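Undergrad: Handing you a structure now.
Please treat every number below as a calculation from the coordinates, not as lab data. Here the structure is a predicted model, which is why all the values come from computation and not from measurement. For neighbour counting, all protein chains shown are included, and Cβ atoms are generated from backbone atoms with ideal geometry for every residue, glycine included.
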Amino acid sequence: MTQRRDRRGWPSRGLHRLALAALAVATAAVPTIAVAGAGATPAPSSAVAAAPAAPDLGPGTLVLDPSMSTADIQAKVDAVAAAQVSNEMGPERHAILFKPGTYGTADKPLNFQVGYYTEVAGLGQNPGDVVINGSVYVRNQCSATGNCIALNNFWRSLSNLTVNVTTPGFGCYSGQFWAVSQAAPLRRVHVKGQTTLMDYCTGPSFASGGFIADSRFDGVVINGSQQQFFTRNSSLGSWTNGVWNQVFSGTEGAPAECFPGVANGCGPYTTVDTTSVSREKPYLYVDASGAYRVFVPAAATDSRGVSWASGSTPGRSIGIGDFYVARPSDSAQAINRELARGRNLLLTPGVYHLDQTLKVKRADTVVLGLGLASLTPTNGQVAMSVADVPGVDIAGITFDAGPVSSPVLLRIGNQRAAGTPAASRAGWSSAADPTGLQDVFFRIGGPYVGKATVSLEVNSDHVVLDDIWAWRADHGNGVGWTSNTADTGLVVNGDHVTATGLFVEHYQKAEVIWNGEHGSVTFFQNELPYDPPSQAAWMSAPGHEGYPALLVGPGVKSFSGSGMGSYSFFNQGVDVFAANAFEVPMTPGVHLHDLLTIFLDPSTGKGGIRNVVNGVGGSSTTANPDVPVTVVDYP
């Protein structure tokens, strides 16, 4: 397996010791009520009546029942882990789903590992409906040289269940371990016991970025060597330390704001009291009659804490009969036919090779992937497009660029002329019923050669981007400056677009371009491209070195960003510089809070970032490696 370079964890060594010091001190199911969503077009009642109680979710889905023996379940989940723990770029996809009930006991707990492309989820209406006595864990991966890290622990998830941490005889590994980096979310999880986001049992234990939402932790959460991490709308017992950029939004028990703060013995924490706009991820569940349904949480504004604190998450329930349950063998034409009939889409685990664009045209359509289902365009087309309609939800899907360059992988809303007045866009969007993207990931290269100009383009207003990782691959297959080509990870042209947990890395021009008004980003993690062959090959304009991580359009009057970091590691042996990490218009309505840049790996890296934002802030180069350069407020 190709490993990311260790340079991402250099500054965590001292804080790793702090993490170890911190370690030393350290509901019943609710009946479902179907509620019509705003603007929804209900499917024919006959479709619901004909829905099977147990749909065929494909060979990659393992559905477990509490009547099964713990030994039987253990053997099944261990077999998935054995196939997937090191399978970083393979095509296999898995969903492990637990029906409501209790699994494992105090004397026979259920403890199992989660590998690549594996979704583990409860099938209850609420997290308390599925209880695992044991742990569901992710640990470091160790190379042949004995270097053990979590920097490449991507593409997996855990959701909608309770873990009653029970790990007898585990020694150092006692507790709930979730040592991951990008694209490995925890959602709707209730952990009773100690949780650690690093694997401190093998070294050097580097980890680099993760996402938690709508979850409750009764014990201590050990951040340890996690260089950046985002926690939204959750409840924490306690949280230990930080490295570079720890961001909390709408989280009860979050540490107080303290940025950059490390010299003061706290932080670096960016803490936002409430989340301005959120939409939790839809999820599959089994109702009291045994029928499969999908629950679609309602949007929330100015929210704090878990959505299920008072019992059930507000929202609407959709019968499985209103979904087309797709298989990787299905053609794009067949899937589009079902979408045109007004059905929602459930993608069972696998890789879908598409010869035409999947077209979502109906308001409030749900497109939900199981087992990190992947979509790949084969002819250079857009992989998926969403029409100018509100309330669409796309979740749990990975978009892989194909060998023929696509203009865009996922387009939300039709392209519009610059300056199109809001009055002419009536009906395109809804503040009460925003379109949502949750756990949607993009890859340019990695599993195979891939090319795309833009990964995600958002033209609609009122869109929530919640846990997005757009990645131009720095390792894997088809990787090189002229091989896996891609300009930009995210382009936002719509107004009132909110990003909570935005990860964009290694694109060849501006990584994010934000042209819409009233946009908001809470937590941004970026690495500039590693591989520009020369400064001349990476110039945004004559005399202007490189490209920014985030570029807010010059005409934008209103934008806010909090907890935003950009890092450089230019590995071609020549000096390459970016003039600024962030470039924004100087206007009263544009404000950035808690920014940082870092120069990584002085042993092989060259060049760096000249300024944090618009010529302000110091430089991060070989002169100050592995040291955050910060700006607390701009302007």
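Undergrad: Please work out the C-alpha center-to-center distance from the range 216-230 to the range 559-588 and express it in whole Å.
TA: Each part reduced to its Cα centre gives a spacing of 26 Å.
Undergrad: To continue, here is another question. Over the range 56-245, calculate the relative contact order: mean separation of alpha carbon pairs under 8 Å at least 6 apart, over the residue count, as a percent.
TA: 15
Undergrad: Something else about it: 7 Å from Cα along Cα→Cβ at both Ser331 and Val616: what's the point-to-point distance in nm?
TA: Placing both labels 7 Å along Cα→Cβ, they lie 5.7 nm apart.
Undergrad: Assuming R0 = 25 Å, can you tell me the calculated FRET efficiency for the pair Ser560 and Asn624, based on Cβ-Cβ distance, to the nearest 0.05?
TA: About 0.35, to the nearest 0.05.
Undergrad: Figure the gain on full extension for Gln572 and Ala536 (residue separation times 0.36 nm, minus the Cα-Cα span) and round it to one decimal in nm.
TA: 11.6 nm
Undergrad: Of (1) 66, 62, 42; (2) 91, 74, 61; (3) 118, 67, 50, which is the value of Cα extents along the principal axes in Å derived from the coordinates here?
TA: Of the labelled values, this structure produces (1).
Undergrad: Please turn the phi angles of the range 282-288 into ³J(HN,Hα) values with the Karplus equation 6.51 cos²θ - 1.76 cosθ + 1.60 (θ = phi - 60°), one per residue in order, whole Hz, x for glycine and proline.
TA: x, 8, 7, 8, 10, 7, 4
Undergrad: Residue farthest toward the positive end of the dipole of the range 304-452, with Cβ of Lys/Arg at +1 and Asp/Glu at -1: which of Thr435, His353, Gly321?
TA: Farthest towards the positive pole: Thr435.
Undergrad: Please give the length that would be gained between Cys172 and Asp78 if that part of the chain were fully extended, namely 0.36 nm times their separation in residues minus their C-alpha to C-alpha distance (nm, one decimal).
TA: 31.8 nm
Undergrad: Next question. For Lys359 and Thr145, calculate 0.36 nm times their separation in residues minus their Cα-Cα distance, and state this gained length in nm to one decimal.
TA: So the extension gain works out to 72.3 nm.
Undergrad: Calculate one ³J(HN,Hα) per residue across the range 118-135 by plugging θ = phi - 60° into the Karplus curve 6.51 cos²θ - 1.76 cosθ + 1.60, and present them in order as whole Hz with x for glycine and proline.
TA: Each residue's phi maps through the Karplus curve to give 10, 9, 10, 8, x, 9, x, 6, 9, x, x, 6, 10, 10, 10, 7, x, 7 Hz.
Undergrad: For the chain, with only Lys/Arg (+1) and Asp/Glu (-1) charged at the beta-carbon, what is the dipole magnitude about the Cα centre, in debye rounded to 20?
TA: Computed charge dipole of the chain: roughly 440 debye.
Undergrad: Quick one: Karplus J couplings for the range 140-145, per residue in order, coefficients 6.51, -1.76, 1.60, θ = phi - 60°, nearest Hz, x for Gly and Pro?
TA: Result, rounded to whole Hz: 4, 9, 10, 7, 5, 8.
Undergrad: Quick one: net charge of Val85's neighbours, Cβ under 11 Å, K/R +1, D/E -1?
TA: Combined, the nearby Lys, Arg, Asp and Glu give 0.
Undergrad: Less than 10 Å Cβ to Cβ from Tyr283, Lys/Arg counted +1 and Asp/Glu -1: what total charge do the surrounding residues give?
TA: Neighbourhood net charge equals +3.
Undergrad: Just add up the charged neighbours of His518: K/R +1, D/E -1, any other residue whose Cβ is under 11 Å from the Cβ of His518.
TA: Spelling it out: positives minus negatives among the neighbours equals -2.
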